[in-house]
Amino acid sequence: MVSGLKARIGGRELFVPADRIDRLGADAARTSTTKLNLAQFERRPGEVLLRVDVLGHSLINVATARLVVAREVELTCERGVWRVGGIDPSLAARWRRLLPRRFRGRGGAHAEFVEWSQLEPFVGHVPTSRLRLTHRRLGRLHAAQIADLVEAASHDEGEEIMKAVALDKELEADIFEELDEEHQLEFLRERSDEEVAGVLARMESDDAADLLMELDQDRRLPVLDFMPAAKRLKIKRLLGYNPQTAGGLMNPDFVSVAERSTVEQALELVGRSDIPAEQLHTIVVVDADGRLVGTLSAPALVKAPAHEAIGGLVDASRPAVSAETDVPEIARLMTDYNLMAMPVVDGDGRPIGLLAVDDVLELMLPGDWRRRFGLARD
């Protein structure tokens, strides 16, 4: 809601309340009274000045997950209440503002109008504003979309986004997994070792290990020491593998079930797992000695009769790889067998991790692929 206007009379800036505005046009504003408070204007806490703080600044279009610049701001009046209707981010609007007033015309349809309800403004640069980006709205976006926004934004804008999502620690970790290396380090640099450890502890172990190795060497051990013991052990094990091999790419967090288990028992085990749902597409099946028997997809498990033995559902023809297998061979096998994930086994045939197709793809794509194809700025 618009609370009023900042006007200038005789070199003095003053505040005109919205209820004193009779007409507001592109060329002038008319008040409903001549009795105005001539006291010098002072911005009150929480106030945002549209011309100074919004016009010409970036905003997040939550509907499209892209950054847009407010070239023009449109105000509307409904039942005597003035509100911000939306913005026009088009370059045409910018050029129109540069023209002398007599050449601008009387308005009309905007080339690219975006309703204010679809926008989230950056206000970290506003000295008195208590407003901030809301996690509730950003949380509707996928972590990869938010990461694209952070990469397309300025440093201060990116910080504002990261502070907003920090209320949801799991989402924050997911975003760090999606950021490129440059931005990961940018937003960890000013955090304490304990705070960095908190982020890495919530990331997938393989991604956390990769990011840990990008930190300055003198920070790695202190950050590791702040991590929970179980997570620390997984990361140390991953660091022992070449990052260009299955061991360096695999995720040590997976669900395994005994081949003698029933479907009902397996579903109960999956339900109790704290592994994210998107990582449960492939279930690892082992024998009584813990050796790999094969894998089973989650959809096949859900569709099977409750009392059927897991061993009868396993697709034993699907391949597994050793920790030393290189990326080209991994890619060939996953392509040939059309796999979403593939187990990694040790020398005794026991599963030690799971390879996901997205990790393999990310490693094989050009280093600047996110910037070339995922730019989130219009």
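Below 8 Å between Cα atoms, with a sequence gap of 6+, how large is the relative contact order for the chain in percent?
11
Going Cα to Cα from Lys236, which lysines come in below 30 Å? Please leave out same-chain ones fewer than 8 positions away.
In chain and number order, the partners are Lys163, Lys169.
Length gain on complete extension for the stretch Asp193 to Glu268, per 0.36 nm per residue less the alpha carbon to alpha carbon distance?
Answer, rounded to one decimal: 23.2 nm.
Over region 136-244, calculate the relative contact order: mean separation of alpha carbon pairs under 8 Å at least 6 apart, over the residue count, as a percent.
Reported relative contact order: 22 percent.
Run the quick spin-label model on Glu324 and Gln118: label points 7 Å from Cα toward the beta carbon, then report their separation in nm to one decimal.
It is 5.6 nm.
What is the set of long-range amide H partners of Ser322 at a cut-off below 5 Å, with H atoms built 1.01 Å from backbone N?
Val345
With equal scatterers on the alpha carbons only and no solvent term, can you work out the Debye log10 of I(q)/I(0) for the chain at 0.07, 0.09, 0.14, 0.15 1/Å?
At q = 0.07, 0.09, 0.14, 0.15 Å⁻¹ the computed log10 ratios are -0.48, -0.69, -1.17, -1.29.
So what is the 222 nm mean residue ellipticity for the chain from helices alone, if each DSSP H run of at least 4 adds -39500 (n - 2.57) and you divide by all residues, rounding to the nearest 500 deg cm²/dmol?
Taken over the chain, the calculation gives -9500 deg cm²/dmol.
Relative to the first principal axis of the alpha-carbon coordinates of the chain, what is the inclination of helix 263-272, with its axis defined by its Cα atoms, in degrees from 0 to 90 and to the nearest 10?
Around 40 degrees separate the two axes.
When Lys and Arg each count +1 and Asp and Glu each count -1, what net charge do the other residues less than 9 Å away from Asp289, Cβ to Cβ, add up to?
After counting each charged neighbour, the total is 0.
What spacing in nm lies between the two simple spin-label points modelled at Ala144 and Asn37, each 7 Å away from Cα in the Cβ direction?
Going by the 7 Å Cα→Cβ label model, 5.2 nm.
Distance between the C-alpha centers of region 130-184 and region 229-264? Whole Å please.
28
Pairs of alpha-carbon atoms within less than 8 angstrom and 6+ residues apart define the contacts here; what relative contact order does region 256-363 have, in percent?
25
Would you mind computing, in nm to one decimal, how far apart the modelled labels at Met1 and Leu55 are, each placed 7 Å from Cα along Cα→Cβ?
2.4
For a footprinting-style exposure proxy, rank Met1, Met250, Met340, Met162 by other Cβ within 10 Å, fewest first.
Fewest-to-most ranking of Met1, Met250, Met340, Met162: Met1, Met340, Met162, Met250.
For Met364, Met203, what's the fewest-to-most ordering of other Cβ within 10 Å of each Cβ?
Met364, Met203
Could you work out how much longer the chain between Asp358 and Leu239 gets when fully extended? Use 0.36 nm per residue separation minus the Cα distance between them, nm to one decimal.
40.8 nm
Any read-out appearing in this document is the output of simple, stated calculations on the displayed coordinates, not a laboratory observation. What you are looking at is a predicted structure, and each value in this text was computed from that prediction instead of being measured. All Cβ positions, glycine included, derive from the backbone under ideal geometry; neighbour counts span all protein chains shown.
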